[in-house]
Structures are given as C-alpha cells and as structure tokens.
Ligand code: GDP
C-alpha cells in the first residue's frame, strides 16, 4: 500500500492561539526531522512531545511543539507527526510549504480518515461517524455520532452477518458437491436466521426517521391568518434560544430557516423570513404559499386567534394542508384576552371540523403562558420516533440505502428458499445479501467468503 507522506492543517483556517499541522506516512518523521531544530525526531520515542523551531534552511519560521506518533498506534496507523505552532494562517502556509519542499505532499480532503480506514484502523461507518461528530451541532447528534464511532451499527449487524457467512460457506460447499446432491445448510435454520436479520434491518431502517431528526433537525412550519400571532410567537420562542439564521439550499429555492433547540434536539422553523417583523396585515397568506411551506415540514403549528369569532377560513386552510405524515398542532393564541370557556369552545369547533388527530394547545406569547406546552409537544414528536428496541440510530443516507438493499436481498433469499430454487441461485442471492450488509462497514465480501471456507473447512483443494 502506498504510504506516501501527506500533510495538512488540522485546525480551523484562521487566527487562533495555536494551530496544528498533521503529517502522516512512511516519511512523516524524517521529513519533520529535516525541518526541525530541536531533538532528533528520528530518535524520539513514540507518543512524545518536543520543543524547538521549524526552519526553512537557515530561516526560523516559528517556535513550535512537535508530537511524534509511531505506527501502528496512531490515528492513521502510519507514522504521524503533529506540529503545534502559533496560530497564524501565514505561519501555517509557510510550514506546509517547507514540509512539501522536503518531501511531503498536501493531503486530499478526508485523506487521513481514509487512511485510517484503508489501514484497517476503523471501518467505513466509523469513518463516516468522524465526519458526523465534527459536524455535530447539538447533544443528540454528538451522542449518536459517538456511538457510531464506537462501532455501533457495525456491531449491530456484524454478528448476524457472520452467521450468514457460515451459511454461504455451506451452500458454496453444496455447489462443490453438486453431483452428490447433498445438503449441508439446514434450510430451516437459515430461514430463522433470515427472520432475525430481517427484524434487525427493519428496526435499523425505522431508526432513520429519528436519525434524520437528530442530524438534520425537525422541520416546523408556523402558519396562520394575518394577525394570528405568528411573529410574536416566533420571537418569544427564539428569545431564550440562540437563533441561528442559516441559508439552506432547498430543492426548489433557498429558504431562510431559524433553528430552535429544545432538549438537545434541533427544530428548523421553515421560511420565517417575513415573520420576524410584524407581517403586512393586508397580505393574507395564500393556500399555495402555505402549501409550499408545509411541503417539507414534519410538523405544522397552526395558529388561530382565540379572540376571533369565525374559524371557517382556518379550518379550510388546515384541511388543505393536512397530510398523514404531518404532525398537526393547533394553537389557540392570545388566551390572555379571552376566558377559558372561549378557548374550550374554540377547541370544540376544531375537534368537530378536523378529522385528523391533532394536539390542541392554548398559548399567550405576550404573557408567556403555556409556551412550555408547545415546546413539550414539539419535543414529544422527536421522542416518539426513538426506537425502544435498538439504541443504534441510523443517521446516514448511505447506510439507510444499504440497509434497504440488504432487506430486499434478504427477502429474495427467503423467496428462493420457499420456492426451492436452485442452489446456484440461492448462493447468488445470499452473496448479494452479504455484500449489501457488508457495504455498511465497507468489508469486501467475496474474499471473506473464500477466506471463511478455507479457514473453516480445509477441504484441501
Ligand atoms: P402575525 O401576523 O400572525 O405574525 O401576528 P403578530 O405576531 O404580528 O400579532 C398580531 C397582533 O396580535 C400584534 O399586535 C400582537 O401584539 C398581538 N398578539 C400576538 N400574540 C398575542 C398574545 O398572545 N396576546 C395578546 N394579547 N396579543 C397578542
């Protein structure tokens, strides 16, 4: 394998107290030693830190600390060096230049982690979780990524996969002895194992909805007639929270979304651009615009002014926005202005007219009444997505797709058994299932099948 020496800035670009440059590869230590004025790094012990100067010929570039890590107990499983320098982007550039002049090359994006994978330090799903961990912006996504880094998803399926591998080996053996018409693999036991795998895959696939909520946040649309109290509510919700305005490129257009954190989960408030300031009272929100907003939402918070008399427009609007996979929260606003009897009446009207199950909340954003109820309702949506069976949560689209393909493949194997199709075809379907399962951790399946046959059966061929 090619272990040429790569280098890159490991800390964020920009000014900082210190910056770190990472170097990895066969010549990481000699290349660093050439530019380091201090202890002879080639004689340094692994996992030690040394004080000295980085030099380009006679010119001193910076005063630094250098850490030396010798293979294999390093992140990349290669010899690695880390240079901690005074955190100026200019110094970083100069150090990288002198490293390159002395035999290193700039690393490509993700190359250190890729090497960790290629060198067998981590599997593919762990490599992906490192990216997730770095990108994590809230407690829930940090925890899930960390669990994944510890091998979460791979552990969940790897023992089932090993069992399946044994069956593949047995079926392949049957193929070798095709003329003798023997059956090494017990079809009933194979079926039972397939059921187990299917159940596991299903529970992992189901966890993706929760995983998605963790990773990308839950999309919430706040809709209501002009003056219903939308912007007041939004401001009240975001007041205590750190509001992040992000520009997320949507599929059809760019929308401004604001992020609300409740109990460690992120909620993306869709297209609230116009709501921060009091909306133009003359501009009623059209059904078409409301539909657009709700299209990608998981939750619709519909605000109805409890102090008004007629709710037919609201009912009309809600009916046109309803969807099976959209959680509906109807929120009667301005309850500080009305009596409890009035908002009970409002609830009854909606219960009578709206057939879909919905949560009804009464709030006063101005007097900060029952705001917690609304937050609890939002957070319960995410909580109920959590699976009780498995604490591993799928957050990654690639894993989700690989799991789906594995499930299809497992079902095909089951069909193959039911219809007693030829052993060749059964073997083919099994290998297919194995390959898809292996895609998640990035294992190469065919070699493994062979390896397993040779190591276990020693049939002397
Ligand atoms: P939007 O058009 O839906 O965004 O409505 P606004 O948030 O601009 O509110 C319209 C009017 O209702 C403003 O005068 C608000 O001060 C008032 N309002 C909003 N929420 C409440 C509330 O909880 N109680 C009372 N009394 N007034 C409210």
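Rounded to the nearest 5, what is the percent of antiparallel bridges among the DSSP beta bridges in the chain? Mind dumping the intermediate values first?
Values: 41 of 62 bridges.
The answer is about 65 percent antiparallel.
The three principal axes of the C-alpha atoms in the stretch 1-114 carry coordinate ranges of 34, 31, 24 Å, sorted with the longest axis first. Computed over the stretch 69-108, the range of Cα coordinates on each principal axis works out to 32, 21, 17 Å, biggest value leading.
If you average the sequence gap of Cα pairs under 8 Å that are 6 or more apart and divide by the length of the stretch 308-385, what percent do you get for the contact order?
Numbers: 57 pairs, mean separation 25.1, N = 78.
Relative contact order for the stretch 308-385 comes out at 32 percent.
Note on the stretch 325-450: semi-axes of the ellipsoid equivalent to its C-alpha gyration tensor, largest first and rounded to whole Å, are 54, 18, 8. Average projection, convex hull of the Cα set of the chain: 30.5 square nanometres.
Extension gain residue 337-residue 313, at 0.36 nm per residue separation less the Cα-Cα distance, in nm?
Contour length minus the Cα-Cα distance gives 6.5 nm.
Residues 371, 317 in ascending order of nearby Cβ atoms (within 10 Å, fewest first): 371, 317. Cα extents for the stretch 104-148 along the principal axes, largest to smallest and rounded to whole angstrom: 38, 21, 10.
In this simple spin-label model, placing a label point 7 Å from the Cα along the Cα-to-Cβ direction at both residue 202 and residue 58 gives a separation of 7.7 nm. Taken over the stretch 37-177, the alpha-carbon convex hull comes to 176 cubic angstrom per residue. Here is the P(r) of the stretch 141-234: all C-alpha pair distances, binned every 5 Å from 0, give 3, 10, 13, 13, 11, 9, 9, 8, 7, 5, 4, 3, 2, 2, 2, 1, 0 in whole percents.
Residues 18, 171, ranked from the fewest to the most other C-beta atoms within 10 Å, line up as 18, 171.
Taken along the Cα-to-beta-carbon direction at a fixed 7 Å, the label points for residue 216 and residue 322 span 2.6 nm.
FRET efficiency for the pair residue 191 and residue 375, taken as 1/(1 + (r/R0)^6) with r the Cβ-Cβ distance and R0 = 35 Å, rounds to 0.15.
Starting from the coordinates of the alpha-carbon atoms of the stretch 62-135, obtain the Kirkwood hydrodynamic radius over all distinct pairs and give the value in Å to one decimal. Each step should come with its number before you reach the end.
On the way: mean 1/r = 0.0720 Å⁻¹.
Evaluated over the stretch 62-135, this radius sits at 13.9 Å.
Dividing the Cα radius of gyration of the stretch 350-422 by 2.2 N^0.38 Å, with N the residue count, gives 1.97.
Expected output is a single nm value to one decimal: the length gained when fully extending between residue 135 and residue 93, i.e. 0.36 nm times separation in residues minus the C-alpha distance. What is it? Please report the intermediate quantities before stating the final value.
Numbers: separation 42, 0.36 × 42 = 15.12 nm, distance 2.48 nm.
Separation in residues times 0.36 nm, less the Cα-Cα distance, equals 12.6 nm.
Only helices enter the 222 nm calculation for the chain: every DSSP H run of n ≥ 4 contributes -39,500 (n - 2.57), and dividing by all residues gives -15500 deg cm²/dmol, rounded to 500.
For residue 351 and residue 408, what does the FRET efficiency come to when R0 = 45 Å and r is the distance between their Cβ atoms, rounded to the nearest 0.05?
Numbers: r = 42 Å, r/R0 = 0.94.
Computed FRET efficiency for residue 351 and residue 408: 0.60.
Here, each number is a calculation from the coordinates, and none is a lab measurement. Quick caveat: nothing in here was measured; it's all calculated off a predicted structure. All Cβ positions, even for glycine, are placed from backbone atoms using ideal geometry, and neighbour counts span all protein chains on display.
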